[in-house]
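J.: Sharing a structure, written as structure tokens. Questions coming.
Nothing in this text is a laboratory measurement; each read-out follows from the coordinates by a stated rule. All of these numbers come straight from a predicted model, not from anything done at the bench. Note that each Cβ is placed from the backbone with ideal geometry, even for glycine, and that neighbours are counted across all protein chains shown.
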Amino acid sequence: MIPGASVATRSSSYFSDDVLDQGRPGFWQRIHLDAPLLAALLALCGFGLMVLFSASDQDPAAVERQLVRLGVAFGLMIAVAQVSPARLRSWSPLLYGVGVAMLIAVLLVGDVGKGAQRWLDFGVVRFQPSEILKLAVPMMLAWMLSARALPPKLMWVVLAALATMIPVVLIAKQPDLGTSLLVASAGVMVLFVAGMGWGMILSLAAVVAAVTPLVWIGLHEYQRDRVLTFLNPESDPLGSGYHIIQSKIAIGSGGVDGKGWLNGTQSHLEFLPERNTDFIFAVIGEEFGFTGILALLALYLFIILRGLVIAARAQDRFGRLLAGALTLVFFVYVFVNTGMVTGLLPVVGVPLPLISYGGTSMVTLMAGFGIIMGIHTHRIRSRG
Amino acid sequence: MLEANLEDRKREARLVASRTWIAATLVIVALSLVVVRLTHLQVDQHDHFSVLSRDNRVKVQPLPPARGLVYDANGVLLADNHPSFSLEITIEKVDDLDATIEELSRVILIEPRDRARFERQKQQRMRFQGVPIRLNLTPTEVARFAVDGHRFAGVDIRAELVRTYPLGEDTAHVLGYVGRINEQELARIDKSNYAGSHFIGKGGLEKAHEALLHGQVGYQQVEVNARGRVIRTLESQPPVSGKDLHLYLDIGLQQVAKEALGEERGAVVALDPRNGGILALVSNPSFDPNLFVEGISQADYQALLSSPDKPLFNRAVRGQYPPGSTIKQFVALAGLTAGVTTSRRATYCSGAFSLPGHSHRFRCWRRGGHGALSLEQALVQSCDVYFYDLANRLGIDRLSGFLSDFGFGALTGIDVAGELGGLMPTREWKQRVRKQSWYPGETLIVGIGQGSFLATPLQLAVATAAVANHGKVIRPQVARAAQAPGAAAAEQLPMVSHTIALADEHQWELIIDAMAKVVESGTARRIRSTEYRIAGKTGTSQVFSLGQNQRYNAATLPKHLKDHALFVAFAPVEDPRIALAVIVENGGGGGATAAPVARRIMDAYLGGASVPSVPNDSGGERGD
């Protein structure tokens, strides 16, 4: 690479005077972690454990299991952060191919859990291939689009959309509405960050609107129920509307100051369903009140903005697209979950990221943050 | 080329950066939306949701009162409550009823009989009221369910007090029984007071004194979890148990009366003429009231319904029979007080009576006739012709008017639910019901207690007691007093009475003497007692009518067409302590069948030992 190109690369960064790209790399950069992001993530997980302790009726075993998962997830994050974006980019098509192949395998031979086929059983490990796609789809799209100048041409948008739709449809068939939504949003986010034209965005929205009735026909009965219940939760107070009604009562009765940690009656007396998984946000609302929730949302906002800053400061296209998309998928988690629990959105099985009890999504999310940190810390230095 | 590339890259970086900022803006807008929503929920509507949250966790539970117990005159317990554990399903809280029961049956034995009862009671339940799937759980079963109970939402063990009747059949027709509250009763009762109660009096004393026996419901405020399990009690107001009832009824006498009837279908009502207290009230055959408490099985119920002896039929208060000659003393009193006859006036009985200008012969039970008879002799011999003549001279208006004062044709007001009023025929009644005018001949028939005249054994006993009391008609009562829980003494229930005034008070003595002679030398002479004097009157009530010239022959008649035997009496004549009415269905003559039953009861009550020996009349002739 000629020196001029190197300069061009450096100056292509929006933060042209980025100190990261000059001088000796600092401690955090050498271990390929981002200190602000790491601190926010640790604070979030710490708070999450505290809430979980309350939501699980002060069951230390649940907290312990979650702590082990967090350990694994943070370990994976640190490991992934060590991989350079260039290497990640080269792995992208392979990871995507393997992921889609496993999704097909799930449909053919997968385990049935809660009326849906989501799991592949490898004897020792059971895991959900759909989780891989949450990373593989944005990587694949970033790989596809980063080879050419941005904004992408129509043909590449169509190809990218196709690459997104294949796993989305396969996951929706399992059926797992929540995950397919997240994977689809990952694809959309890559295209958005890539600078897809507004005209194209509008036409895509028009296509989605046109397809919606068809999707409605294809939905399972329980999925339709969820949407209908969302539109009028009081219609079925003991059935599917129960979740929403009880979670609104929990949040509303928390008021400004909350009922206090471990004092939520809605959660402790078991009125609130799925209180340590999808509906844990309602426990926070009940026990910590409006102030507690504002603090939590501020923490989420900080993490998202930090991720976007990292995306903006990334040195190459692949890094920008991937970091931006992964951060925005994290936002989709936050928004869909809080929207669902507060009754703004239909009940879709999306956990509150890094707080809800359960391992799979947490591991994927932390791997995603590993990628973001890696993008931020593996930099081509100018020898100044 | 390189410069162009550089420009492109710069533009591209700016594009991505601008998209990043747009994204950041959208993120902030979206999260603000969530914050606005939260402000709405947590700030604006906080009070509303606080109330909902409190309603969720705080439930008001009714505490059912214990039902009052029932004791006889000597303190023998007749109706008890015993603790019982039952397994209940609240159908509204169960998603798949059949699957739940299927699953339950693996933990606790559920027999087809239990299923059948459950299905039956399910139809009649109140909403959100548990329906028992199993009764009388053993301690082992309770423990087994406690282990697995968490798997069964809407299924609970309930400890409750269940009514039992230790003397069963002996008391069934007096006490009645309690059963589960059904929809019709629900519409009638005070729902808040019955909020925790599952049982209500279905008949007899249990129904008549429901208000006293039931008690006052209590409440507790409890904190419950989503599955309805009680976490702790916040506040409570204890229930007030129902009042215990102390009866006039003497269970010993009741059993004697039942034994005296033996296998015969019939009824006995014995009361204390001084206060109207029911000493014994028997309807034979009887049934086991305990079967009804938790809901009787279809098979048992069918068996009771289809029995030709009608064990469920309370003959004592619902059996309406032509009273026959047992009302002749009242007709005599009517004649005396109206002045249409005197003690000295004689009437000639030729064996039949015809109204002037009519050919129809109203026959006396003695075909040969009694000859000339005074009023006293007419009663002792129970001469029909004398009373045809007397009734004819009284006329139906005065006759039924006077007899109504003794309570005929109206409810006595006894505290046994389900009583019927009999029928005292009047001109007005006939016009209203039969749309016909009154025929003089009917008056004659009424004068000997036949025709459309109907009376219950209870009414006969009450009217007989009134004679013993010289006209004081007392409302009969089974319960003497009610004792509130914890109260030192029982509170006497009020006595209600009215008095019939005669023109001459000596007329009571006249009639009582005649009744005493009925037992000493008349139609009931076989029960004559040396220990105390009995005043009585026999009667026979026709089950089917004979033609003008047919003869009644008991020997050739099937049992169910035989006459009903009746007997009313009180004793001792000088100081009456017991008055009674006995009916033996298809028993033939009153003196032969019903009077000995009465004698055994009076002996048991008054302490006489001798029981009448072998009957000396063949009773082949219809009459008494």
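J.: Could you give me the ³J(HN,Hα) list for segment B:392-403, computed from phi with Karplus coefficients 6.51, -1.76, 1.60 and θ = phi - 60°, whole Hz, x at Gly and Pro?
T.: My calculation for segment B:392-403 gives 4, 6, 6, x, 5, 5, 5, 4, 6, x, 5, 5 Hz in order.
J.: Using only Cα atoms, what Kirkwood radius does chain A have, in angstroms? Before the final figure, lay out each step's value.
T.: Numbers: mean 1/r = 0.0457 Å⁻¹.
Over chain A, the inverse of the mean reciprocal pair distance is 21.9 Å.
J.: Which of A:354, B:410, B:17 sits closest to the plus end of the dipole of the protein assembly as shown, meaning its Cα is farthest towards the positive end, when Lys and Arg get +1 and Asp and Glu get -1 on the C-beta?
T.: Of A:354, B:410, B:17, it is B:17.
J.: Please go through segment B:477-539 and write out the GluC sites (Glu not before Pro) that DSSP classes as loop and that have at most 15 other C-beta atoms within 10 Å.
T.: Numbers: sites: B:491, B:505, B:509, B:520, B:531; in loops: B:505, B:531.
Within segment B:477-539, the qualifying GluC sites (Glu not before Pro) (loop, at most 15 other Cβ atoms within 10 Å) are B:505, B:531.
J.: Just need the relative contact order of chain B here, percent rounded to a whole number, with Cα pairs under 8 Å and 6+ apart.
T.: Working: 1300 pairs, mean separation 84.7, N = 624.
The normalised contact order for chain B reaches 14 percent.
J.: Only four residue types carry charge here, +1 at the Cβ of Lys and Arg and -1 at the Cβ of Asp and Glu. Report the dipole size of the protein assembly as shown about the Cα centre in Debye, rounded to the nearest 20.
T.: Result for the protein assembly as shown is approximately 2180 debye, rounded to the nearest 20.
J.: Residue by residue through A:253-261, how many Cβ atoms from other chains fall within 10 Å of the Cβ on average? Display every interim value, and only then the final one.
T.: On the way: counts 13, 7, 8, 4, 1, 1, 2, 0, 0.
The shielding value for this peptide is 4.
J.: Just flag the trypsin sites (Lys or Arg not before Pro) in segment A:309-384 sitting in loop per DSSP whose Cβ has no more than 10 other Cβ atoms within 10 Å. Don't jump to the answer; show the numbers that get you there.
T.: Working: sites: A:313, A:317, A:320, A:379, A:381, A:383; in loops: A:379, A:381, A:383.
Listed in order of number, the matching sites are A:383.
J.: Could you tell me how many degrees, from 0 to 90 and to the nearest 10, lie between the Cα long axis of helix B:139-148 and the main elongation axis, the longest principal axis, of the Cα atoms of chain B?
T.: The helix B:139-148 is inclined about 30 degrees to chain B.
J.: Also: Please list, or write none, the aspartates and glutamates whose alpha carbon is within less than 17 Å of the alpha carbon of residue B:243, excluding same-chain residues fewer than 8 places away.
T.: Within reach: B:72, B:80, B:206, B:210, B:415, B:491.
J.: For segment B:60-247, how big is the tail of P(r) above 21 Å, as a whole percent of Cα pairs? Write out the running numbers ahead of the final one.
T.: Details: 9791 of 17578 pairs.
Within segment B:60-247, distances greater than 21 Å cover 56 percent of Cα pairs.
J.: Just the number: Rg to Rh for segment A:236-384, Cα atoms, Kirkwood Rh, two decimals.
T.: Working: Rg = 18.1 Å, Rh = 16.6 Å.
Result for segment A:236-384 is an Rg/Rh of 1.09.
J.: Past 24 Å, Cα to Cα, is the threshold; run B:93/B:202; A:248/B:59; B:258/B:559; B:93/B:191 against it and keep the listed order. Intermediate results must be reported in sequence, preceding the final value.
T.: Numbers: B:93/B:202 29 Å; A:248/B:59 20 Å; B:258/B:559 21 Å; B:93/B:191 21 Å.
Result: B:93/B:202 exceed 24 Å.
J.: So what are the protein assembly as shown's ellipsoid semi-axes, whole angstrom, largest first, if each one is the square root of 5 times an eigenvalue of the alpha-carbon gyration tensor?
T.: Equivalent-ellipsoid dimensions as semi-axes: 101, 25, 22 Å.
J.: Kirkwood Rh, Cα Rg: Rg to Rh for segment B:200-279?
T.: Numbers: Rg = 21.5 Å, Rh = 16.8 Å.
For segment B:200-279, the value is 1.28.
J.: Straight-line reach from residue B:328: which aspartates and glutamates fall under 17 Å, measuring Cα to Cα and dropping same-chain residues less than 8 apart?
T.: Of all the aspartates and glutamates, those that pass the test against residue B:328 - Cα under 17 Å, at least 8 places apart if same chain - are B:376, B:384, B:389, B:397, B:405, B:442, B:509, B:513, B:624.
J.: To continue, here is another question. Taking Cα pairs under 8 Å and at least six residues apart, what relative contact order does segment A:85-218 come out at, in percent? Numbers along the way, then the final one.
T.: Values: 138 pairs, mean separation 31.5, N = 134.
Once divided by the residue count of segment A:85-218, the mean separation gives 23 percent.
J.: Counting other Cβ atoms within 10 Å, keep those with at most 10, restrict to DSSP loop, and tell me which trypsin sites (Lys or Arg not before Pro) in segment B:409-481 are left.
T.: Numbers: sites: B:427, B:430, B:432, B:434, B:435, B:472, B:480; in loops: B:435.
The qualifying sites are B:435.
J.: How far is helix B:457-468 tilted off the main Cα axis of chain B, in degrees rounded to 10, range 0 to 90?
T.: 50 degrees
J.: What percentages make up the Cα-Cα pair-distance distribution of segment B:1-131 when the bins are 10 Å wide from 0?
T.: Reading upward from the zero bin: 8, 16, 15, 15, 12, 10, 8, 7, 5, 2, 1, 1, 0.
J.: Still on this model: Work out from phi, with θ = phi - 60° and the Karplus expression 6.51 cos²θ - 1.76 cosθ + 1.60, the ³J(HN,Hα) of each residue of segment B:242-254, listed in order in whole Hz, and give x for Gly and Pro.
T.: Coupling constants for segment B:242-254: x, 7, 6, 9, 10, 9, 6, 4, 10, 5, x, 5, 4 Hz.
J.: Right, another one. What is the pair-distance distribution P(r) of chain B, computed from all Cα-Cα distances in 20 Å bins starting at 0, with each bin given as a whole percent?
T.: Cα pair-distance distribution for chain B, in percent: 17, 38, 23, 12, 5, 3, 2, 0.
J.: Using only Cα atoms and rounding to the nearest 10 degrees, what angle (0 to 90) does helix A:35-55 make with the longest principal axis of chain A?
T.: Computed tilt is about 10 degrees.
J.: Rg to Rh for segment B:167-241: what is it, with Cα atoms only and Rh by Kirkwood? Walk me through the numbers on the way to the answer.
T.: Numbers: Rg = 15.8 Å, Rh = 14.3 Å.
With Rh from the inverse mean 1/r over Cα pairs, Rg/Rh is 1.10.
J.: Now a separate question. Roughly how many debye, to the nearest 20, is the charge dipole of segment B:394-440 about its Cα centre, given +1 on each Lys and Arg Cβ, -1 on each Asp and Glu Cβ, and no other charges?
T.: On the way: 6 positive and 5 negative charges, 86 e Å.
With Lys and Arg at +1 and Asp and Glu at -1, about 420 debye.
J.: Counting Lys and Arg as +1 and Asp and Glu as -1, each charge on the Cβ, what is the dipole of segment A:85-218 about the Cα centre in debye, to the nearest 20? Please list the in-between numbers first.
T.: Numbers: 9 positive and 4 negative charges, 55 e Å.
So the dipole magnitude of segment A:85-218 works out to roughly 260 debye.
J.: Right, something else. Sequence neighbours fewer than 8 away in the same chain don't count; with that in mind, list the lysines whose C-alpha is under 21 Å from residue B:562.
T.: The reachable lysines, counting only those whose Cα sits under 21 Å from residue B:562, are B:310, B:537.
J.: Please list the non-local residues whose amide H lies under 5 Å from the amide H of residue B:81, H modeled 1.01 Å from N, same-chain partners needing a gap of 5 or more.
T.: Distant-sequence amide H within range of residue B:81: B:164.
J.: Around residue A:195, what is the net charge, scoring Lys/Arg as +1 and Asp/Glu as -1 over all other residues with Cβ under 11 Å from its Cβ?
T.: Working: positive: A:317, A:320, B:11, B:14, B:19; negative: B:12.
For residues surrounding residue A:195, the net value is +4.
J.: For segment A:85-218, what class follows from the C-alpha gyration tensor (a ≥ b ≥ c being the square roots of its eigenvalues): rounded when a/c is under 1.5, otherwise prolate if a/b is larger than b/c, else oblate? Before the final figure, lay out each step's value.
T.: Details: a/c = 2.92, a/b = 1.34, b/c = 2.19.
Since a/c reaches 1.5 but b/c is at least a/b, the shape of segment A:85-218 is classed as oblate.
J.: Another one. Please compute the average number of Cβ atoms from other chains found within 10 Å of each residue's Cβ in peptide A:245-252. Each step should come with its number before you reach the end.
T.: Working: counts 2, 4, 1, 6, 10, 5, 7, 15.
If you average over the peptide's residues, the count of other-chain Cβ atoms is 6.
J.: Sort B:65-72, B:106-113 by packing, meaning the average of other beta carbons within 10 Å per residue, with the highest value first.
T.: Numbers: B:65-72: 22.4, B:106-113: 12.9.
Listed from highest to lowest mean packing, they are B:65-72, B:106-113.
J.: Distance in nm between label sites at residue B:343 and residue B:29, each 7 Å beyond Cα in the beta-carbon direction?
T.: Taking the two extended label points, one gets 11.7 nm.
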